[in-house]
Amino acid sequence: MKNCLNLIILDDDKVQRYAVKRQLISSKYKFNIFEAECGDAALKILKSHCIDCIIVDYFLPQYDGLSFIENVKEQFG
């Protein structure tokens, strides 16, 4: 999509990802939305796409949200 932000929704709960996605889609802004259910899946997306923003659940199976962000900063920062 042109003139849109590339965004990852990282949440292990499919219902929560869907709720966030619905809110974003209903806004006046345009997003290209990627969904990830775990940190590893989000990291794979980050390696293959130019991402502008990540919405991260704090409680994840592998990491807490802050640890995930620290990991991203180390790898891509």
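The values are calculated or read from the model by the stated rules, or taken from the named source; none is laboratory data. The structure presented is a predicted model; accordingly, all values stated were derived computationally and were not measured. Counting neighbours? That spans all protein chains shown, and the Cβs are built from the backbone with ideal geometry, glycine included. With ligands, DNA and RNA removed, areas are computed over all heavy atoms of the protein, side chains included. Shrake-Rupley method; radii C 1.70, N 1.55, O 1.52, S 1.80 Å.
Here are the numbers for the structure shown:
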read-out	value
Some residue of the stretch 19-35 being in contact with a strand residue (DSSP E or B) (Cβ under 9 Å, 6 or more places away or on another chain), among the charged types (D, E, K, R) and assigned to a strand (DSSP E or B)	yes
Residue list for the stretch 60-77, restricted to those being in a loop (DSSP other than H, G, I, E, B) and surrounded by fewer than 16 Cβ atoms within 10 Å (Cβ to Cβ)	Pro61, Gln62, Gly77
The stretch 1-46, subset β-branched (Val, Ile, Thr) and free of Cβ contacts under 8 Å to residues at least 24 places away in the same chain, residue surrounded by the fewest Cβ atoms within 10 Å (Cβ to Cβ)	Val15
Test result for Ile51, in a loop (DSSP other than H, G, I, E, B), β-branched (Val, Ile, Thr) and open to solvent by less than 80 Å² (accessible area, probe 1.4 Å)	yes
